[in-house]
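Here the structure comes first, spelled out in structure tokens, and everything after it is commentary.
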Amino acid sequence: MRLRNKPWAKERLQNYPQYVIGNPEDWKGKWHELFQNEHPIHIEIGTGKGKFITEMAKKYPNVNFIGIEAYTSVIVSALDRLIEAELPNVKLLNINALQLESIFTDGEISRIYLNFSDPWPKNRHEKRRLTHHNFLQKYQHILKKDGQIHFKTDNEKLFEYSLVSFSTFGMILHDVILDLHHSDYDGNVMTEYEEKFSAKGNRIFRCEVSFMK
Ligand code: SAM
């Protein structure tokens, strides 16, 4: 992701508290109160410019979505999409996923989406990969017992690494797809990176994973 310095972005996020939750720790265990319904909560980690989460929220009005993105200069584009779409079932958090457990209580989340996560190819950066076991531990706490992780990427090495990481953690793999766009998988919603990389001819890998009950 090319990062442009946008000094105004922080203030813009603060101007839309109905979409960007500035004090997410205060809602730990109470996210349903914020959404004012009991619908399941799905989070996307590394939501980028918000194409996926906005389209998903339109498609599934009975699901609450939370997009998590570390970079202010990136999430501000997701905010622009939300303002235009006026969706009541999406919130954005400008935080690092390392903080997940101070934001959500045990079993509060029904599904986690990881879309085109940064591959961090160098071994010394392994801990930054969102499928590293340190992150899986956090996901296990915040996910409901029957909750799932839906992961897709065009990076074969990251996909292989993640399958090993999931298996080593004792997770159950479902629906591993090695070429999503030429599979019979129905209802795929494309992300920004997915559009870009599939247009270049890259294969898209996808899997669904859950923790042992
Ligand atoms: N999901 C989008 C897509 O598919 O178009 C964006 C993909 S981009 C390669 C990965 C995004 O994840 C970046 O915007 C990055 O800032 C964000 N990210 C990476 N690690 C993160 C973390 N630990 N917490 C929050 N966001 C993170």
### Task
Find the strands (runs of 3 or more DSSP E) located wholly in the range 85-185 whose residues include 1 or more that are within 13 Å of the ligand (Cβ to nearest atom), and list them.
90-93, 109-115, 143-153
### Task
Could you tell me which residue of the range 28-47 is nearest to Asp80 (Cα to Cα), considering only residues that are out of contact with any helix residue (DSSP H, G or I) (no Cβ under 6 Å at 6 or more places or on another chain), of a type outside the set (A, V, I, L, M, F, W, C) and crowded, with 21+ Cβ neighbours inside 10 Å?
Gly46
## Note on the structure
(1) of a type outside the set (D, E, K, R); (2) more than 16 Å from Phe116 (Cα to Cα); (3) within 14 Å of the ligand (Cβ to nearest atom); (4) outside any loop (DSSP other than H, G, I, E, B) all hold for Gly67 apart from (2)
## Note on the structure
Within the range 186-198, the residues that are in a loop (DSSP other than H, G, I, E, B) and loosely packed, with under 14 Cβ neighbours inside 10 Å are Asp186, Gly187
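The rows are residues; the columns are (1) closer than 27 Å to Val63 by Cβ; (2) of a type in the set (Asp, Glu); (3) in contact with an Asp or Glu (Cβ under 6 Å, 6 or more places away or on another chain); (4) crowded, with 19+ Cβ neighbours inside 10 Å.
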{"position": "Trp120", "(1), (2), (3), (4)": "no, no, no, no"}
{"position": "His125", "(1), (2), (3), (4)": "no, no, no, no"}
{"position": "Arg129", "(1), (2), (3), (4)": "yes, no, no, yes"}
{"position": "Gln137", "(1), (2), (3), (4)": "yes, no, no, no"}
{"position": "Leu143", "(1), (2), (3), (4)": "yes, no, no, yes"}
{"position": "Thr153", "(1), (2), (3), (4)": "yes, no, no, yes"}
{"position": "Ile177", "(1), (2), (3), (4)": "yes, no, no, no"}
### Query
Residues of the range 109-146 being closer than 15 Å to Glu208 by Cβ and aromatic (Phe, Trp, Tyr), which ones?
Tyr113, Tyr139
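Rule-based calculations on the coordinates, nothing more; no lab input. Given the structure is predicted, the values throughout are model-derived calculations rather than measurements. All Cβ positions, even for glycine, are placed from backbone atoms using ideal geometry, and neighbour counts span all protein chains on display.
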